[in-house]
């Protein structure tokens with residue numbers, strides 16, 4: 001008012017946060033809220049008591065019991081293995097720790113379906129070991145196999161969470177301080193390392209348990225042939241094989257049951273993991289003391305573990321895929337590419353293109369909605385919505401598939417679109433978490449420096465935020481693509497004529513006993529995953545180079 | 001005094017600025033004016049609101065209320081404001097805030113590009129600035145490949161490239177070694193004179209504030225406690241807090257009596273001494289709260305004392321004495337001349353007056369520029 005030139009252009013700063021909050025809330029309601037409400041409404045039609053009865057009695061009751069005890073066993077074994085691996089890579093002086101770290105992370109990216117089929121080719125009746133030394137494992141098909149193969153897959157998961165918590169919360173200087181105060185190595189571990197790592201271990205336990213609970217691939221390959229049902233395989237059989245309404249009601253009850261059990265498992269962990277972040281001491285990395293020869297032994301044990309659980313099954317798959325006929329010795333004289341040619345018929349091409357299309361669509365969609373939810377920040381309602389997005393990942397794929405089918409099956413049944421909707425709901429968290437992390441690590445002063453250098457809000461995003469987050473965006477896209485391209489749980493429940501995915505084709509062929517072709521398809525899927533993983537590695541390296549100097 | 005003499009439009013004028021984070025008030029009804037071409041230091045302990053003041057002026061933080069003019073143009077008036085890019089300010093950030101994906105040259109060219117210059121022209125002018133800062137050889141490097149000092153030069157060059165009327169420095173020389181600090185301050189002084197721009201320089205280091213600033217504003221609890229030239233705030237602090245913020249100081253509570261113009265008679269125990277009063281004011285008879293800086297007193301004199309501690313500083317020595325007036329610190333030239341535990345005489349050449357219960361009747365000696 002005192003300044004006639006400047007006064008008219010003064011304006012109230014616009015905030016886009018309310019619009020973003022509304023948009024993310026609406027997406028959450030559409031992708032997760034409405035489907036889950038529909039599912040619960042259908043499942044609880046006859047009251048909660050009826051659901052309880054369904055989940056406690058008969059074949060469904062048996063599936064619940066089977067699922068809970070195998071998941072608990074997988075959790076215990078996976079945590080022990082993961083903790084041991086974390087000790088080796090984060091605290092010991094074992095040689096080749098970097099390679100070990102990389103191998104464990106690579107194991108994390110593999111398809112559980114391929115892994116389970118690989119185990120049967122390596123250790124099952126007529127498998128590689130059977131052929132070489134006349135040994136096979138009868139228990140592979142059944143609960144023991146489900147627990148062991150599940151635990152082998154859970155070790156890298158547990159490792160990742162525990163190692164990350166050791167690296168971020170329990171810096172070696174804290175242990176050195178305990179040793180300098182007179183504690184023995186054991187006492188330092190008990191009084192410093194363990195209490196600080198506890199939230200990480202609790203989070204790992206919850207993650208591994210829920211992953212085991214929701215797992216479909218391993219029980220489908222190893223449980224169904226042995227007549228050992230779990231909740232997810234029961235839903236699959238009720239929905240795809242049975243025709244009567246009672247079977248659908250049972251599937252809906254099981255889908256609800258999966259959510260209830262997951263909530264019961266996660267709730268106490270939230271309380272444990274609530275402890276605040278420790279300040280970085282910035283000390284040198286490495287072991288508090290020389291861990292001595294024992295770590296050599298542990299490292300060797302870990303490499304052996306990886307050889308048995310990852311390398312040998314994969315090798316067996318490749319050999320079977322390359323060998324002319326089942327029963328022939330896997331020697332070069334008997335090698336052929338005929339199995340790959342047989343595998344790549346028209347149906348496979350269609351499935352392959354479906355898988356790639358769905359994965360690319362899911363990755364792109366998740367990138368958009370993940371960037372949106374990540375941009376809301378960690379304050380107020382944004383934090384609540386971020387937590388909701390993250391929690392969606394704990395909802396079983398089977399549950400989401402049944403729920404989405406109930407909500408949108410009327411118009412979208414048997415289309416790729418209905419699978420895509422479920423993928424977006426399932427993988428949103430996979431895009432949200434890394435993007436939210438990258439956005440949080442971006443110092444606010446970098447954007448301020450742009451604004452005060454004369455850049456408007458849009459220009460600052462284009463010239464500063466965009467280039468800095470590009471590697472993180474690329475990595476998030478690839479991560480979602482990787483998980484979506486071998487996704488089986490959801491697509492096996494939602495596919496229709498012409499919308500089969502590659503993973504569904506592989507499961508079908510496996511169940512038909514088409515050993516050589518299944519192996520060839522598994523190898524192809526693994527090559528696809530490896531290509532995406534390679535790109536992911538490059539993107540992560542680039543992201544590392546862009547990191548802000550301190 | 002010098003600032004009041006010339007009266008062009010102030011480079012910065014903040015009136016009634018109030019800022020709070022949630023319910024916590026950070027700036028309370030703050031008034032501040034920086035003249036064109038003037039360098040003002042904002043001195044205060046951490047948490048006093050220095051960075052908030054700078055961020056509010058730059059436009060990163062919205063005030064609850066208040067008015068800000070930059071170079072005579074209103075940029076904030078209550079809830080309505082201009083965004084940072086439309087204000088005539090440049091900022092040197094505390095941690096430099098260099099963009100990891102840009103080379104030093106492109107970083108400095110960035111503000112010139114935003115001002116509408118073509119890329120080649122912007123780079124050419126950026127190169128000239130980098131040369132002036134002595135880091136032209138590092139033009140192609142990214143921040144990760146620069147040392148802390150080099151990063152800071154690039155950060156300063158980026159601010160200078162903006163060609164603003166007002167430069168904000170958010171404690172930029174923190175954690176740098178003394179020689180580099182000196183070079184940089186000389187560089188800044190040269191740049192500022194050349195551009196005729198004003199500087200608002202936040203720091204918690206009094207030596208730095210006195211070196212870089214024409215005037216110093218002492219910030220306490222989000223409000224200006226005192227403002228004046230470095231000499232004014234050092235010689236005539238408004239209270240003990242201001243005195244301690246600007247240098248070593250002892251507070252004494254002693255019986256006094258007027259003793260002619262500009263001096264008073266002070267009793268330390270049984271001994272009386274006539275001392276000058278800084279600023280020429282005189283307290284009424286009775287007890288008065290007095291301020292003593294070490295160099296205002298000295299070793300050797302009529303007042304009784306005993307040495308408690310000796311701190312040798314090279315050009316001089318500081319002695320902590322136990323006296324009937326309480327513990328005092330006085331300065332003596334050269335090497336230590338008394339040992340701990342030794343009885344010695346000391347003197348006060350001058351004292352300052354502090355507001356306090358004992359001198360409640362005296363007017364507050366608020367000094368203004």
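Derivation of every value follows stated rules applied to the coordinates shown; laboratory data play no part. For clarity, every value in this text was computed on a predicted model and none was experimentally measured. Positions of Cβ are backbone-derived with ideal geometry, glycine not excepted, and every protein chain shown enters the neighbour counts.
What does the extension gain come out to for residue A:138 and residue A:23, with contour length at 0.36 nm per residue minus their alpha carbon separation?
Result for the pair: 36.1 nm of gain on full extension.
At what distance in angstrom do the alpha carbon centres of segment B:225-258 and segment A:45-98 lie from each other?
If we compute the Cα centre of each part, the gap is 70 Å.
Between residue A:458 and residue B:117, how many nm apart are label points set 7 Å from Cα along the C-beta direction?
Those two pseudo-labels are separated by 2.5 nm.
Tell me, how many Å apart are the Cα centres for segment B:292-334 and for segment A:131-174?
Distance between centres, Cα-based: 72 Å.
Find how much the distance from residue B:145 to residue B:244 grows on full extension, using 0.36 nm per residue of separation minus their present alpha carbon separation; answer in nm with one decimal.
31.6 nm
For segment A:366-488, what relative contact order do you get, as a whole percent, if you take Cα pairs closer than 8 Å and at least 6 residues apart?
34 percent
With Kirkwood's inverse mean 1/r over C-alpha pairs for Rh, give me the Rg to Rh ratio of segment B:56-183, two decimals please.
Rg/Rh: 1.01.
At 222 nm, what helix-only mean residue ellipticity would chain B give, in deg cm²/dmol to the nearest 500, using -39500 (n - 2.57) for each DSSP H run of four or more?
-7000 deg cm²/dmol
Less than 14 Å from a label point 7 Å out along the Cα-to-Cβ axis of residue B:205: which backbone N atoms in segment B:84-103 qualify, by residue?
Backbone N within reach: B:94-95.
On each of the three principal axes of the Cα atoms of segment A:1-136, give max minus min coordinate, whole Å, ordered largest first.
Here the spans come out as 95, 59, 27 Å, largest first.
Going by alpha carbons, how many degrees (0 to 90, nearest 10) lie between the helix axis of B:104-114 and the longest principal axis of chain B?
70 degrees
What's the center-to-center distance, using Cα atoms, between segment A:212-262 and segment A:355-401 in Å?
Result: 25 Å between the Cα centres.
Please give the helix B:178-195 orientation as an angle from the longest Cα principal axis of chain B, in degrees from 0 to 90, rounded to the nearest 10.
The two axes meet at around 60 degrees.
Rounded if a/c is under 1.5, else prolate if a/b is larger than b/c, else oblate: which is chain A, with a ≥ b ≥ c the root eigenvalues of its Cα gyration tensor?
It is oblate, given that a/c is not under 1.5 and a/b is not larger than b/c.
To make sure I understand, if each residue's beta carbon is the centre and we count other beta carbons within 10 Å, what order do B:82, B:204, A:347, A:432 fall in, fewest to most?
A:347, B:204, B:82, A:432
How far apart, in nm, are two points set 7 Å out from the Cα along the Cα-to-Cβ line at residue B:265 and at residue A:325?
12.9 nm
How would A:138, B:88, B:239 line up from fewest to most surrounding beta-carbon atoms within 10 angstrom?
Going from sparsest to densest Cβ surroundings: A:138, B:88, B:239.
With r defined as the distance between the Cβ atoms of residue A:184 and residue B:46 and R0 fixed at 45 Å, what FRET efficiency is calculated, to the nearest 0.05?
For R0 = 45 Å, the calculated efficiency reads 0.65.
What residues from segment B:49-66 fall in the zone where the backbone N is under 16 Å from a label point 7 Å along the Cα-to-C-beta line of residue B:31?
Inside the label zone: B:66.
When you look at the Cβ of every residue in A:461-470, what mean number of other chain Cβ atoms sits within 10 Å?
2
Using R₀ = 35 Å, calculate the FRET efficiency as 1/(1 + (r/R₀)^6) where r is the Cβ-Cβ separation of residue A:301 and residue A:177; round to 0.05.
E(calc), rounded to 0.05, equals 0.70.
Mind jotting down the three principal axis lengths of the protein assembly as shown based on Cα atoms? Whole angstrom, largest first.
Dimensions of the protein assembly as shown along the principal axes of its Cα atoms: 117, 69, 62 Å.
Can you tell me the order of A:178-189, A:316-327 when each peptide is scored by its average per-residue count of other Cβ atoms within 10 angstrom, highest first? It would help to have the intermediate numbers written out before the result.
Values: A:178-189: 14.1, A:316-327: 18.9.
For the peptides A:178-189, A:316-327, the packing ranking is A:316-327, A:178-189.
Return the average number of partner chain Cβ atoms within 10 angstrom of each residue Cβ along peptide B:80-88.
The shielding value for this peptide is 6.
What order do you get for B:234, A:495 when you list them from fewest to most C-beta neighbours inside 10 Å?
Details: B:234 19, A:495 22.
In increasing order of surrounding Cβ atoms, one gets B:234, A:495.
Which values of log₁₀ I(q)/I(0), to two decimal places, follow from the Debye formula for segment A:411-550 at q = 0.19 Å⁻¹ with a uniform point scatterer at every Cα?
-1.09
Sort B:266-277, B:107-118 for me by packing, meaning the mean count of neighbouring Cβ atoms within 10 Å per residue, highest on top.
Those peptides, ordered most packed to least, come out B:107-118, B:266-277.
From the Cα gyration tensor of segment A:290-428, with a ≥ b ≥ c the square roots of its eigenvalues, which class applies: rounded if a/c is under 1.5, or else prolate if a/b is larger than b/c, or else oblate?
oblate
222 nm [θ] for chain A, helices only, -39500 (n - 2.57) per DSSP H run of 4+, per residue, to 500?
Value at 222 nm, helices only: -23500 deg cm²/dmol.
Considering Cα pairs under 8 angstrom that are at least six residues apart, work out the relative contact order of chain A and quote it in whole percent.
Worked out over chain A, it gives 20 percent.
Going highest first, how would you order B:240-249, A:140-149 by mean Cβ packing within 10 Å?
A:140-149, B:240-249
Label points 7 Å out from Cα along the Cβ direction at residue B:285 and residue A:384: separation in nm?
Each label point is offset 7 Å from its Cα along the Cβ direction, giving 7.2 nm.
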